[in-house]
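Engineer: Below: one structure in C-alpha cells.
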Amino acid sequence: MAKSNHKKRRYPVTYRRKRVFVERNSPIKKGKCSACHRTVKNGEIKTTQLHHWKYEFSVPKVRKNPELALKNTVELCYGCHQVADAFRKILERSDESLPILISILETMPLDMQRKFSMLCIAWEESGAFDRLLI
C-alpha cells in the first residue's frame, strides 16, 4: 500500500468548553457559514466556528477518540452561531417542558409572538417538516 505524502495536522476543537485536537489531512473548517453561506474568502465574515447541535459524548470519551468531537457539528459565522446556540438551548429541554416553553412564548410582546409564529410557518412551508416524517 502506498504511503500518503500528506502529513496529518492537529486541529483544535472546543467540546464542552474543553479543547481537543483532531488529526486531519485538511482543515476541518472551510471558511463558509453553512446557514447564511457568507465566506471568509469573500470578506463577508472574519471567521467561522464549529457549532455543536448536540453534545452526545462525555469529554473523557472524546479525548480518547477526538473524531467524536465533530459529530453533530456545523460550521457557522458568529451571528448564525448565536442563533443556533439559542435554538439548542431551547430544544435540549425535555418534551415534558413543552407546556413551560409555550408559557414562556406567551410572555413575549405580541410583535415577537407574531414573528416566532411566522418563523414556524415558514419552516413548515419549506418542506423541512415533511422530510422529518419520512
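The values are calculated or read from the model by the stated rules, or taken from the named source; none is laboratory data. All values reported here derive from a predicted model rather than from experimental measurement. Reconstructed Cβ throughout: ideal geometry from the backbone, glycine too, with neighbour counts over all protein chains shown.
Engineer: Might you let me know whether region 36-52 holds any residue that is of a type in the set (Ser, Thr, Tyr), out of contact with any Phe, Trp or Tyr (no Cβ under 9 Å at 6 or more places or on another chain) and under 21 Å from Phe21 (Cβ atoms)?
Structural biologist: Taking every residue of region 36-52 in turn, none turns out to be of a type in the set (Ser, Thr, Tyr), out of contact with any Phe, Trp or Tyr (no Cβ under 9 Å at 6 or more places or on another chain) and under 21 Å from Phe21 (Cβ atoms).
Engineer: Being loosely packed, with under 11 Cβ neighbours inside 10 Å and either in a helix (DSSP H, G or I) or not β-branched (Val, Ile, Thr) (or both) is the filter here, so list the residues in region 105-118 that pass it.
Structural biologist: Scanning region 105-118 gives Glu106, Pro109, Leu110, Asp111, Met118.
Engineer: Within region 19-48, take every residue that is basic (Lys, Arg) and surrounded by 13 or more Cβ atoms within 10 Å (Cβ to Cβ) and give me the one that is nearest to Lys8 (Cα to Cα).
Structural biologist: Among those residues, the one meeting the criterion is Arg24.
Engineer: Sticking with this structure for a sec: Tally time: how many residues in region 46-62 are of a type in the set (D, E, K, R) and over 28 Å from Arg93 (Cβ atoms)?
Structural biologist: Within region 46-62, residues that are of a type in the set (D, E, K, R) and over 28 Å from Arg93 (Cβ atoms) number 1.
Engineer: Is it the case that Val40 is over 17 Å from His81 (Cβ atoms), in the same structural domain as Glu75 (by TED's automatic domain parsing) and either touching a Ser or Thr at 6+ places or on another chain (Cβ under 6 Å) or aliphatic (A, V, I, L, M) (or both)?
Structural biologist: Spelling it out, it is not the case that Val40 is over 17 Å from His81 (Cβ atoms), in the same structural domain as Glu75 (by TED's automatic domain parsing) and either touching a Ser or Thr at 6+ places or on another chain (Cβ under 6 Å) or aliphatic (A, V, I, L, M) (or both).
Engineer: Continuing with this model, one more query. Determine which single condition Pro27 fails, assuming it passes every other condition in (1) more than 18 Å from the chain's Cα centre (by Cα); (2) in a loop (DSSP other than H, G, I, E, B); (3) at negative phi.
Structural biologist: Every condition holds for Pro27 apart from (1).
Engineer: Could you please let me know if Glu56 is more than 23 Å from Arg19 (Cα to Cα), without any contact (Cβ under 8 Å) to a residue 24 or more places away in the chain and among the charged types (D, E, K, R)?
Structural biologist: no
Engineer: Let me ask something additional. Of His51, His81, which residue is modelled with pLDDT of 95 or more, within 24 Å of Arg10 (Cβ to Cβ), not in a helix (DSSP H, G or I) and not basic (Lys, Arg)?
Structural biologist: None of the other options fit; the residue is His51.
Engineer: Further question on the same structure: Among (1) part of a strand (DSSP E or B); (2) touching a Gly at 6+ places or on another chain (Cβ under 8 Å); (3) of a type in the set (Lys, Arg), where does Arg10 come up short?
Structural biologist: (2)
Engineer: Then there's this: Here are the criteria: (1) in a helix (DSSP H, G or I); (2) assigned by TED's automatic domain parsing to the domain that holds Gly31; (3) surrounded by 11 or more Cβ atoms within 10 Å (Cβ to Cβ). Tell me which single one Ala86 does not satisfy.
Structural biologist: All conditions are met except number (3).
Engineer: So in region 54-78, with the set limited to residues that are assigned to a helix (DSSP H, G or I) and among the aliphatic types (A, V, I, L, M), which one is surrounded by the most Cβ atoms within 10 Å (Cβ to Cβ)?
Structural biologist: Among them, the one singled out is Ala69.
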